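Worksheet: one structure, shown below.
The numbers here are math on the coordinates, done by the rules we state, and not lab data. Keep in mind it's a predicted model, so treat the numbers as computed, not measured. Methodologically, a virtual Cβ is constructed for each residue, glycine included, from the backbone with ideal geometry; neighbour enumeration extends over all protein chains shown.
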């Protein structure tokens, strides 16, 4: 019998047999049921569920909803992710949305409480504390501990629409919240829109709080807004270091509609109930307020509630007028010195500066201007026969970081720059009456020479000596509030009292000077206020600031300014630097007396 594979090559036969074996294996195993595949996205045990949601709680992600689909619960999360839980391990879900929780009962008898997106948050009435310090009547502290972690933002809804809303979005995230709310109105039911959000800022719920405040203190001023071009104004509100008719001084912050949105009332304070802060208060680099105080002879740091956070003493150096914060945190204060005497033997006042260490409180530098200036110069004002000789009257200082010096406004002498060794670098003022310092310096050598608009030296004796003006140049008279402009120029509030030794020329101005130290020259490059005449004339006090956001000048005459209808006080005027357009102007009228304020600053409440 002939074999079926006879004649076939052995290699071909081998290949056919291997092929049939392979087909047989595929047929056998291809018909077998595959092993069950485990889905790693499904939580299959109660411990896995608890572990997952504990991590979600740390990441501030809440459960939003649960839906049964087949044998799987689909869980929607706050961050738009989803998670699956095997239905076989769960007996029930029980939601408690007011409590921001979902309780899961597992088939193994255990339970888990899962943080859940709730329907509302309830703030107990005793958690809303109006004026918690007793000194800040338009402030609220909200003490609240919700069930889940989160962030709160808020908006104090303004009387005058969105332009008067005050909003804040703090960065704090957690459960224990202490929310500081400023910017309420006096004698008003204030509405505060409070939002609770996730860590990423996703809104969860919103609530309106109602807070009713008392009437404003009776000695606060009448405020009349004459101009408010808000789109061209510097952002923020205006801090007015109000002096008013009675003690204590009562600083306030007003919005562009003239509404007071914050003030301090220290009438019941144990040590500041007779607050006398001279020039007023300003903000530290850390955002708190600071000021020098004349009754206690201390520098104080306070928060917006009026709580005293720190203080620095000045033993032996009575405070007056001004204190500034240096970039390194130290303070420089204008002071008198106990026991200081003039060459004529009488006590002197207002003729020292000291630097105080922020950390140790020690006095680390002292400037005695009797050593570096001429205490016998009486050209501007003769006080040598007074019981206390006020020959210099330092009323304002500013630090110049370009050369680590201080620019000093000495109302009865001039404007000068001094270094840390009490050496005068230059002097701005009429060139008359200057002699020698106690240390022997010829002060006439430090006087700056005036230039015209085309940078030619002005040689007219009357202009140089201050008895007449040049069309391009005027000296500043009885000035206040020096500042260093971003371009390095010096600006000052020129009060104008006794201008050109003539009491009849009554106008004040903000004036900017360009100083050439090498050539010892001074050039007037900008001014505002002269054209306003008596309506912005302030014999004393007053302020000027540069507002970089809009390139504006805040020009603030603060004493006995004619506000019309027989009323006197101060004005705050914001003017565009380039066009001199007035974009904001407000009259501040105390209930009695002409004294309104010393300084006014633009700042943000948050």
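A compact table of results
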read-out: Debye intensity ratio I(q)/I(0), log10, the stretch 164-215, q values 0.22 Å⁻¹ (C-alpha model); value: -0.94
read-out: Compactness of the stretch 491-566 - radius of gyration and Dmax, Cα, Å; value: 13.9, 50
read-out: Gyration tensor (alpha-carbon) shape descriptor, the stretch 390-545, a/c threshold 1.5; value: rounded
read-out: C-alpha long axis of helix 46-58 to longest principal axis of the chain, angle in °; value: 20
read-out: For the chain: Kirkwood Rh in Å [reciprocal of mean 1/r, alpha carbons]; value: 29.2
read-out: Residue exposure sequence - 378, 405 - by fewest surrounding Cβ within 10 Å; value: 378, 405
read-out: Relative contact order, percent, the stretch 549-606 [alpha-carbon distance under 8 Å, six or more residues apart]; value: 33
read-out: For the stretch 63-160, the Rg and Dmax computed from alpha carbons only, in angstrom; value: 19.6, 63
read-out: P(r) of the stretch 410-452 over all Cα-Cα pairs, binned every 10 Å from zero, in whole percent; value: 26, 61, 12, 1
read-out: Normalised contact order of the stretch 403-511, rounded percent, pairs of Cα under 8 Å and 6 or more residues apart; value: 18
read-out: Globularity index of the stretch 307-401, i.e. its alpha-carbon radius of gyration over 2.2 N^0.38 Å; value: 1.16
read-out: Estimated 222 nm signal from helices in the chain, with DSSP H stretches of n ≥ 4 weighted -39500 (n - 2.57), rounded to 500; value: -2000 deg cm²/dmol
read-out: Residues 393, 320, 168 arranged by fewest to most Cβ contacts within 10 Å; value: 168, 393, 320
read-out: Per-peptide average of other Cβ atoms within 10 Å, ordering 67-74, 363-370 highest first; value: 363-370, 67-74
read-out: Distance-filtered residues of the stretch 380-404 - backbone nitrogen under 20 Å, label point 7 angstrom along residue 419 Cα→Cβ; value: 398-404
read-out: Two-decimal log10 I(q)/I(0) for the stretch 72-124, as the Debye equation yields it once each C-alpha is a single scatterer, q = 0.13, 0.28 Å⁻¹; value: -0.37, -1.17
read-out: Taking 56, 380 and counting other C-beta atoms within 10 Å, the order from fewest to most; value: 56, 380
read-out: The stretch 202-263 shape via C-alpha gyration tensor axes, a/c threshold 1.5; value: oblate
read-out: Relative contact order computed over the chain (Cα-Cα under 8 Å; 6+ residues apart), in percent; value: 9
read-out: Nearest-ten-degree value, helix 10-30 long axis tilted from longest Cα axis of the chain; value: 70
read-out: Alpha-carbon centroids, the stretch 520-584 and the stretch 344-368: separation in whole Å; value: 32
read-out: Cα convex hull of the stretch 225-344, projected area averaged across orientations, nm²; value: 10.6
read-out: The stretch 416-539: antiparallel DSSP beta bridges as a percent of all, rounded to 5; value: 85
read-out: Convex hull of the stretch 345-451 built on C-alpha atoms - directionally averaged projected area, nm²; value: 7.7
